[in-house]
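Trainee: One structure coming up, written as structure tokens, with questions to follow.
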Amino acid sequence: MRRAKIVCTLGPASDDRATIRALADAGMSVARLNASHGDTDHRGEVIDRIRAVDDAIDQPLAAMLDLQGPEVRTAEIDEPIEVATDSEVVFAEGDTATPDRIGVSHGITGAEPGDRVLLDDGRIEATVTGVADDGVSARIDSGGELGSRKGVNIPGVDLGLPTITEADERELDLVTEHDVDFVAASFIGDAGDVYAVADALEERGAGDVPVVAKIERADAVENLDGIIDAAYGVMVARGDLGVECPLEDVPMVQKRIIRKCMETGTPVITATEMLDSMVRSRRPTRAEASDVANAVLDGTDAVMLSGETAIGDQPVHVVDTMDRIVSRVEASDEYAETREDRVPLAQTESRTEPLARSARFLARDTDAAAVVAASESGYTARKTAKFRPAVPVVATTPNDRVRRQLALSWGVQPMSADYHGSIEEVMDAAVSAALETGAAESGDTIVVLSGMMTELEGTNTTNTLKLHVAAETIATGRHVVGGRVSGPLRRLPDGDLADVPQGTIAYLPAHFDAEFTGDTEKLAGIIDARPGMTGYPALVAREIGIPMVSGAPLAADVTDDTTVTVDAERGVVYEGDVIGHAKRR
């Protein structure tokens, strides 16, 4: 199982339902919609398609709405224009662009002579020469082709734009109208900006929709600790970050952000130009493959594709490629060593974190197949992921939105589960989840971590950590003679023991009306499909002292010589050798 998740930006090349489904099948966990392009109504339609695909597949698919935020873009134009080096241009609010007058979405009169103006992630550079009421004059230092709606950056200049623009307000309405799972907030400067977006969601009755803060400004890097504390997740938006900050600083800023997010258990996405050459090429560059690998080695929760899937020639093939790169890195010894060396400490003021950290090491030391985190809000599952266990983290939750939101968290396989009224029911559900996802097989050891659900009506669970054996229940009945035993099953419709091996578990079908013939000492246990505590089989079980369960019919597909375990104390029959497996562990 791949641990780092893949976020894909949807666009003209990928926003139809068939392609969304193909992207999900290839490995997409989160579908991102960029509000800087397209229109609001169309995004609502695409979100509905994402929801339809999520309903149709086994793995969760979340929808992320990425707000445009207080950014400045050039005018929308039909054809690119050529902006010549050493030419003079004017930047002014407007919806047209020519080589000598470039319309922008917001005025930039807050700039001063000498300030740099960078277009299209710095591909075109200009220096401000004058500022007037109707626009800003600049000299083009490095020209080039300028396309439609390209970003405009003026590093170090506060243009006085609001955190939430009028366009953002319209986009936020989509959150409640179309069941969005995440909102990504652009051009965040500090924690106050994160809270402003969260408040806007709360006003719309969407307070349970988390905010992912995009780090793409120099002041955001300076205020990183506060932003991480305020946000649900963080995106390393390297495009604008590499324009706002010195380019040579970006690699270490990226590593610092990932490290800090790992220390706090905050989901972190590494984004921008990860496989950018694959917008047109079928193969990425070696440098791009290494870029993805390094982000995974650093511990990122997710890697993101932008233009590669939004407007690229082969969006599904790009996701296949990303999946292969990430999977190969995660299978390496170097990755395992890095994961073991970077286990963060648990926060002492949290009761969940010490248990989650203990679960990580308990799984390692007992050779467990999986950690199962039962959680209503997803908090317990996220904290389990924080400590990067070497085994899958299966998260069970009764909240469908939480199920989708956990699709962003490293190593988590989310599943829907009903509310449970006792810890025993939580354990049974955990076993079922581990078996259903394939994270564990019958007889495997699992670590079960249950979050607090005491506020739910009829529940009585608390923070609990337990080592458990995952076994598929194949029959339940009534305890007749106590004990636990494993062995090969034999159906005995006539009671003939001549050909049964030593240690056989005898199964007596509902029509059994005979006595055993042969050596009953060969028997290790009895399963009787018929109810009753005092019949002939019960007398034999008591006489030779072997476990027995009655009223436990087996399905026809449980064939002779299948290894089963009889837990007569609980009146349960499991598939597999649960007892022997537990001893081996």
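The values are calculated or read from the model by the stated rules, or taken from the named source; none is laboratory data. From a predicted model like this one, the values you see are computed outputs, not experimental measurements. FYI the Cβ positions are ideal-geometry reconstructions off the backbone, even for glycines, and counts take in every protein chain you see. The accessibility values were calculated without ligands, DNA or RNA, using every heavy atom of the protein model including side chains. Shrake-Rupley method; radii C 1.70, N 1.55, O 1.52, S 1.80 Å.
Trainee: Starting at the first residue of the stretch 160-166, write each ³J(HN,Hα) from the Karplus equation 6.51 cos²θ - 1.76 cosθ + 1.60 with θ = phi - 60°, in whole Hz, x for Gly and Pro.
Mentor: So the Karplus estimates, Gly and Pro as x, are x, 7, x, 4, 10, 8, 4 Hz.
Trainee: Now for a separate question. Specify whether the C-alpha gyration tensor of the stretch 272-390 places it in the rounded, prolate or oblate class, a ≥ b ≥ c being the square roots of the eigenvalues: rounded for a/c under 1.5, otherwise prolate if a/b is larger than b/c and oblate if not. Walk me through the numbers before you get to the answer.
Mentor: Values: a/c = 2.74, a/b = 2.10, b/c = 1.30.
It is prolate, given that a/c is not under 1.5 and a/b is the larger ratio.
Trainee: Sticking with this one: Sort 242-251, 255-264 for me by packing, meaning the mean count of neighbouring Cβ atoms within 10 Å per residue, highest on top. The partial results should precede the final answer.
Mentor: On the way: 242-251: 16.7, 255-264: 18.4.
Packing proxy ranking, top to bottom: 255-264, 242-251.
Trainee: Something else now. Could you tell me whether the stretch 72-153 comes out rounded, prolate or oblate from its Cα gyration tensor? Rule is a ≥ b ≥ c as square roots of the eigenvalues, rounded for a/c under 1.5, then prolate if a/b exceeds b/c, otherwise oblate.
Mentor: Oblate.
Trainee: Separate question: In terms of modelled amide H atoms, which long-range or inter-chain residues lie less than 5 Å from the amide H of S350?
Mentor: Hits under the 5 Å cutoff: none.
Trainee: Taking the mean number of other Cβ atoms within 10 Å as a proxy for protection, how do you rank 379-390, 183-194, 534-545 from highest to lowest?
Mentor: Final packing ranking: 379-390, 183-194, 534-545.
Trainee: If a paramagnetic tag sat 7 Å from the Cα of E79 along the Cα-Cβ line, which residues of the stretch 139-153 would have the backbone N under 20 Å from that point?
Mentor: Only 144-150 pass the distance filter.
Trainee: Checking the cross-link filter: which lysines have an alpha carbon closer than 23 Å to that of K383, excluding same-chain neighbours under 8 positions apart?
Mentor: The qualifying lysines are K5, K214, K255, K260, K466.
Trainee: Here's a follow-up. Excluding same-chain residues fewer than 8 positions from K522, which aspartates and glutamates have a Cα within less than 15 Å of its Cα?
Mentor: D496, D499, E543, D561
Trainee: Give me the net charge of D86's neighbourhood, meaning all other residues with Cβ under 10 Å from the Cβ of D86; Lys, Arg count +1, Asp, Glu -1.
Mentor: Overall, the nearby charge balance is -1.
Trainee: Heavy atoms of the protein only, probe of 1.4 Å, neighbouring chains included. What is the accessible area of H317 in Å², nearest 10?
Mentor: 40 Å²
Trainee: Amide H of I77: which non-local residues (sequence gap of 5 or more, or other chain) have their own amide H closer than 5 Å, using H built in the peptide plane?
Mentor: So I77 has HN proximity to S148, R149.
Trainee: For the chain, what % of the accessible area comes from carbon and sulfur atoms, probe 1.4 Å?
Mentor: Carbon with sulfur: 45 percent of the solvent-accessible area.
Trainee: What does the accessible area per residue of the chain come to in Å², with a 1.4 Å probe and no ligands, DNA or RNA counted?
Mentor: Each residue of the chain exposes 42 Å² on average to a 1.4 Å probe.
Trainee: Here's another thing I want to ask about it. Compute the signed sum of charges (Lys and Arg +1, Asp and Glu -1) over the other residues within less than 12 Å, Cβ to Cβ, of E340. Display every interim value, and only then the final one.
Mentor: On the way: positive: R339, R342, R360, R364, R388; negative: D333, E334, E337, D341.
Around E340, the charge tally is +1.
Trainee: Roughly speaking, what is the stretch gain from A167 to S422, that is 0.36 nm per residue apart minus the C-alpha to C-alpha distance, in nm to one decimal? It would help to have the intermediate numbers written out before the result.
Mentor: On the way: separation 255, 0.36 × 255 = 91.80 nm, distance 4.75 nm.
My answer for the length gained is 87.1 nm.
Trainee: Given contacts defined as C-alpha pairs under 8 Å and at least six residues apart, what's the relative contact order of the chain, whole-number percent?
Mentor: 11 percent
Trainee: Which entry in (1) 19, 43, 24, 11, 4, 0; (2) 17, 34, 25, 18, 7, 0; (3) 17, 44, 32, 7, 0 is this structure's computed P(r) over Cα pairs in 20 Å bins from 0, in percent?
Mentor: Among (1) 19, 43, 24, 11, 4, 0; (2) 17, 34, 25, 18, 7, 0; (3) 17, 44, 32, 7, 0, the one calculated here is (1).
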